[in-house]
Amino acid sequence: MVSPPAQQALSTLSASAQGGAPIGVMICGHGSRNRLAVAEFAQLAEGLRRQLPQIPVEYGYLEFARPILRDGLERLRQQGVGRVLAVPGMLFAAGHAKNDIPSVLNTYAAETGLQIDYGRELGIDLKMIQAAGARIREALDRAPVGPNGPIPLHDTLLVVVGRGSSDPDANSNVAKVTRMLVEGFGFGWGETLYSGVTFPLVEPGLRHVVRLGYRRILVFPYFLFSGVLVSRIRQHSERVAAEHPEVEFLPVDYLGDHPLVIDTFIERVEEVVRGDTNMNCSLCKYRAQVLGFEREVGAPQESHHHHVEGLCEACDLCENECTGACQSDGVPIPVAGHDHGPHHSHEHSHSHAHGPHHPPYPHADHPLGPRSLRTNPPEQEPPS
């Protein structure tokens, strides 16, 4: 059944196509060596195809999976598409959505003459908050009931875990999601943690929040798909939970292909047609003098993923669902035959060796941040 947002989008797309070139939709993902994460992204793209049956829909990845972005664009071109509406398959706009994906799209457009219009990320959106709320309700419904009855919401602490980025604008969006959910449900408290790149990380962050004395802690990975980072969040949560049996730790599922997530993607496609695709540039570190990130204003829009584009080697430590066994401390093992040092991991964990594309993160030495970012190599650090 086609949802109301899809019906509206189909009407807008059809009207636009009648006045110009045939339209196709391109969903641009990051990619992963985790087979489950790649399959979930493909499943989401298939959900979009079902909602937009009259419009060609393709997808592709920046790295570590196929089809790559160029493959998806080429498929659309072969179907006679003259205008592509490209949407980043990202929750928030950080380096991948602002630099890497546009670089690939611009290059392909220049080479082929194909018109490619780029949309914005999912971002802070009512439907996304509603989808997150649905995942939290599912977790609460599964919660065990003790002899004294259910734990009240005011004695429950919600922890929202974001991907983590060197872009403070993207990180702040995760914090806003946390606040919207905490106030919406009426939880006793809320905290925002991150899986990497910035601080506070999951394990040290959870060690802080248990001191607040709440009887139950919900840990919600605010992610679209599975992957090593979601697995690591689960592992680190279980580690802290084992040390605090007096606290009930309740895991929440990631967003996945929730129908409201698919509806948000459809709205982003419709925004491209309407020309309403503005990102939040007022706090973008590439355009504004954001405190602590002044050096990055005017940085070139370029991708650093070319050397792992389409690389499909799977980690042989995991069969399907990634366990994070290769980077339990946040430092990845090298890819077989592609030893780029600690710069690239299953989910592109950034290291201290940022090179020309990654200016040093100003808080790389924060005690609650990842060791892989620190300016001093891990082997020279004192024991933590």
### Query
Scanning for something surrounded by 15 or more Cβ atoms within 10 Å (Cβ to Cβ) and either in contact with a Gly (Cβ under 8 Å, 6 or more places away or on another chain) or part of a helix (DSSP H, G or I) (or both), does region 141-150 turn up at least one residue?
no
### Summary
Residue hits (region 182-196; open to solvent by 30 Å² or more (accessible area, probe 1.4 Å) and not in a loop (DSSP other than H, G, I, E, B)) are GLU183, GLY184, PHE185, TRP189, GLU191
### Query
When only residues in region 81-108 that are in a loop (DSSP other than H, G, I, E, B) and of a type in the set (A, V, I, L, M) count, which is nearest to ILE27 (Cα to Cα)?
MET90
### Summary
Expected single match for in contact (Cβ under 8 Å) with a residue 40 or more places away in the chain, in contact with a strand residue (DSSP E or B) (Cβ under 9 Å, 6 or more places away or on another chain) and surrounded by fewer than 19 Cβ atoms within 10 Å (Cβ to Cβ) among LEU212, LEU201, LEU218 is LEU212
### Message
Of everything in region 240-254, what is of a type in the set (D, E, K, R), open to solvent by 50 Å² or more (accessible area, probe 1.4 Å) and closer than 17 Å to ARG142 by Cβ? Give them in sequence order.
### Response
ASP253
### Query
Tally time: how many residues in region 109-134 are part of a helix (DSSP H, G or I) and buried (at least 19 other Cβ atoms within 10 Å of the Cβ)?
4
### Task
Exactly one condition in (1) touching a strand residue (DSSP E or B) at 6+ places or on another chain (Cβ under 6 Å); (2) modelled with pLDDT of 95 or more; (3) farther than 15 Å from ALA132 by Cβ is not met by GLY164; state its number.
(2)
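The values are calculated or read from the model by the stated rules, or taken from the named source; none is laboratory data. These figures come from a predicted structure and were not determined experimentally. When we count neighbours, we look across all protein chains shown, and the Cβ atoms used for this are built from the backbone with ideal geometry, even at glycine. The protein model used for the area step is the full one, side chains on, heavy atoms only, and it has no ligands, DNA or RNA in it. Shrake-Rupley method; radii C 1.70, N 1.55, O 1.52, S 1.80 Å.
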